[in-house]
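Written out below as structure tokens is the structure these notes cover.
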Amino acid sequence: MFRIFINIKSTVNNLLVKNILLRFTTSPLIVASCLPLMNL
């Protein structure tokens, strides 16, 4: 039971890390695409 809980926790942590990494890699692209609009 406890091992299953640890397994679920590590899976959730991996998903969170992947989500954060995706946000960090996509947000500069979004900012770069929004900068020309802000300059207008």
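The share of Cα pairs per 10 Å bin across the chain, counted from zero up to the longest distance, runs 27, 26, 21, 15, 9, 3 percent. If you line up the long axis of helix 2-39 against the longest principal axis of the chain, both from Cα atoms, how many degrees apart are they, to the nearest 10? Long axis of 2-39 versus the principal axis of the chain: about 0 degrees. The helix-only estimate of mean residue ellipticity at 222 nm for the chain, built from DSSP H runs of length n ≥ 4 each weighted as -39500 (n - 2.57), is -35000 deg cm²/dmol after division by the residue total.
Read the figures in this text as sums done on the coordinates, not as results from a lab. None of these values were measured; they are calculated from a predicted model.
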